[in-house]
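Only one structure is covered here, and it is reproduced in the block below.
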Amino acid sequence: MTAAMIAARPGNMAGTDATEADAGRTAVPIDETGNELPATASAAKVEGGVKEKAGKSASPPAEPLAGRIGEWARAALRTVLPPLAGLALLIGIWHLATFGGGGIPGPGQTWDAAVALFSDPFYIDGPNDQGIGWNVLASLERVGIGFGIAALVGIPAGFLLGRFALLSQMLNPIISLLRPVSPLAWLPIGLLVFQRADPAATWTIFICSIWPMILNTAQGVTRVPQDYLNVARVLNLSEWKVFTRILFPAVLPYMLTGIRLSIGTAWLVIVAAEMLTGGVGIGFWVWDEWNNLKVEHIIIAIFVIGIVGLILEQMLMLVARRFSYENR
Amino acid sequence: MTKKIVQIENVGQSFDTKKGRFVALRDIDLDIHEGESIALIGHSGCGKSTLLNLIAGLTRPSSGVMLCGGREIAGPGPERAVVFQNHSLLPWLTCFDNVYLAVERVFAAKEGKASLKRRTHEALELVGLAHAETKFPHEISGGMKQRVGIARALSMQPRILLMDEPFGALDALTRANLQDELMKILAATKATMVMVTHDVDEAVLLSDRVVMLTNGPAATIGEILEVGIERPRDRLALAHDAHFGECRAAIMEFLYHKQLKRAA
Ligand SMILES: Nc1ncnc2c1ncn2[C@@H]1O[C@H](COP(=O)(O)OP(=O)(O)OP(=O)(O)O)[C@@H](O)[C@H]1O
Ligand SMILES: [Mg+2]
């Protein structure tokens, strides 16, 4: 989980890490060669190295304000420029690919359509013709409900599975069997049980969100360091105190990883589920626009889906970082 | 003769590892008397922590009998406080809350919140960390963490204090201060103490008996040294004391002469 979080951190963090490592590396060769030189020479050399280092580290605070602002701007540029360049590249390729006409609209055409679309995102013209804002909100609502119920069921289930080995032995084969099944395969069951499209889509979200939450929570429980449990045993804490003071805080980061994974898949699945069930929702909207042959709207929808997914992910990352504690 | 508080009879401890059965301790026989201070000393990896965990009740012996207060040690309990070798503070609680958790467990039945907080504060003050109460474990140094661990154990006013190298990560001055504080507390509370240490001076200064373990695997008690120095003890006076020197020499002889050959 920490690995995932580190990997997902913004690029500038990785940048500072690299420079620190470089600084360490430059210091090492001096020591190594120094060992082979006569003592006085090596001492002089090391001293030189230290001076050079001290000079370097002392310079930033002494620098004038303008210099520091310049440095800050350079750093900002370094983090902003590459993504912008990537985006420009994408749009450029898109432009070139659609230049000669064909079915797919180019960036300019799509932009114009987007401006028109977002000038009135919340209109309602009958049940099957609503603004894109309503469609996104409808999808988010389904994800929220399905995901919420999955959390209510999955997290306690994960705690039980992690705490009781027998239970996990009983249920793990079933989970392993069901987890790789595409959630869409569950859609007909939902339609059959609920007799309506809307809860069936929510049901699909529930199914796809629950596995990561169960498995990650259970893994977190089994990974609670024995040291912490020993503290609980020496103090002879009550079950409730063990849960609130040790188990829950120790498992929380794992739980949040499960939640993050679930919400990612849930957002993936809702689009497909809505294409099948119809109604109001971003997935259905995409399908509808395909039937209307408004391809530029489909492209807009792709961007909207991506951006909403990104925001969901970032929000949960923020929560995860808020609750992560430095270990040891 | 005072009462025996802990009795260890013919205790052995072995672990099942991937490479088969590993015998860590064998034939341990030791009676610990009420109010006594015992130092456990031996080379790294010989089984000192293993023995301490057995007394704490965190692990059960593979063979033999362990009694505390005449009853079999079935598990840990707050009357046997442990200072862990790796301090084992909960990283999501502040130093204050880490200690408070222990204080609350022991005294909440009889005392109000204000009194519990005062106890927590006093325990942290004792180890010189009143200023770091609101800090989290990752924000303080290794030595400070160890002191919070000591505060947590002392705050419980245990009958038996089990300490696994509690002063290992401390500088000489802090260590000396805490050693003196510890001796005062033990004298005042008449608590029993078992302390694992690597430090020969510390062993002699703090304990009534020094239990020396042979090298592992299958470590056992090699020698027991009766220190027999009057209390209260003054570290400065003892520095020139002939008997203190003899005790030191006896332990050194055991560690670095009798046991070193087997360690190599
Ligand atoms: N749970 C375990 N499983 C397998 N072997 C163990 C286990 N706990 C301890 N041992 C082994 O038992 C021996 C004694 O370990 P122990 O931790 O008691 O040493 P120690 O005397 O406290 O050492 P140190 O001074 O370095 O802390 C070691 O060889 C160790 O590898
Ligand atoms: Mg140890």
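The values are calculated or read from the model by the stated rules, or taken from the named source; none is laboratory data. Only a predicted model underlies this, so the values are computations on that prediction, with no experimental measurement involved. Note: ideal-geometry Cβ built from the backbone for every residue, glycine included; neighbour counts use all protein chains shown. What goes into the accessible areas is simple: the full protein's heavy atoms, side chains included, and nothing from ligands, DNA or RNA. Shrake-Rupley method; radii C 1.70, N 1.55, O 1.52, S 1.80 Å.
Figures for the structure shown
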{"quantity": "Accessible area of A:Ile124 in the full protein assembly, 1.4 Å probe (Å², nearest 10)", "calculated": "100 Å²"}
{"quantity": "Buried solvent-accessible surface, both chains (B, A), 1.4 Å probe, Å² to nearest 100", "calculated": "1900 Å²"}
{"quantity": "Probe 1.4 Å, accessible area per residue of chain B, Å²", "calculated": "45 Å²"}
{"quantity": "For B:Ala81, distant residues with modelled amide H under 5 Å away", "calculated": "B:Arg159, B:Ile160, B:Leu162"}
{"quantity": "Approximate spin-label separation B:Lys117-A:Gln226, in nm, with each point projected 7 Å along Cα-to-Cβ", "calculated": "3.8 nm"}
{"quantity": "Accessible surface, the stretch A:107-180, averaged per residue in Å² (probe 1.4 Å)", "calculated": "59 Å²"}
{"quantity": "Crossing angle, helix B:242-253 versus chain B [Cα axis fit, 0-90 degrees, rounded to tens]", "calculated": "70 degrees"}
{"quantity": "Peptide A:199-207 - average C-beta neighbours from other chains (10 Å radius)", "calculated": "0"}
{"quantity": "Viscosity 0.890 mPa s, temperature 25 °C, Stokes-Einstein D of the stretch B:45-142 from Kirkwood C-alpha radius, µm²/s", "calculated": "158 µm²/s"}
{"quantity": "Alpha-carbon Rg with Dmax, taken over the stretch A:174-276, Å", "calculated": "18.0, 57"}
{"quantity": "Distance violations [Cα-Cα > 30 Å] among B:Lys135/B:Lys184; B:Lys113/B:Lys135; B:Lys110/B:Lys184; B:Lys4/B:Lys48; A:Lys241/B:Lys184; B:Lys110/B:Lys190", "calculated": "A:Lys241/B:Lys184"}
{"quantity": "For the stretch B:60-108, residues shielded by at least 50 square angstrom of accessible area compared with the chain on its own, probe 1.4 Å", "calculated": "B:Pro76, B:Leu90, B:Pro91, B:Trp92, B:Leu101, B:Arg105"}
{"quantity": "Delta accessible area of at least 30 Å² on complex formation, residues of the stretch A:232-248, 1.4 Å probe, chain isolated as reference", "calculated": "A:Arg233, A:Val234, A:Leu235, A:Asn236, A:Leu237, A:Lys241, A:Arg245"}
{"quantity": "Apportionment of accessible area to carbon and sulfur, the protein assembly as shown, percent (1.4 Å)", "calculated": "63 percent"}
{"quantity": "Cut-off under 5 Å, modelled amide H: who pairs with B:Ala24 long-range", "calculated": "B:Gln13, B:Ser14, B:Phe15, B:Ala218"}
{"quantity": "Alpha-carbon centroids, the stretch B:234-260 and the stretch B:101-168: separation in whole Å", "calculated": "32 Å"}
{"quantity": "The stretch B:88-195 - percent relative contact order, Cα under 8 Å, separation 6 or more", "calculated": "30 percent"}
{"quantity": "Theoretical FRET efficiency, 1/(1+(r/R0)^6), r = Cβ-Cβ of B:Leu236 and B:Thr2, R0 25 Å, to 0.05", "calculated": "0.30"}
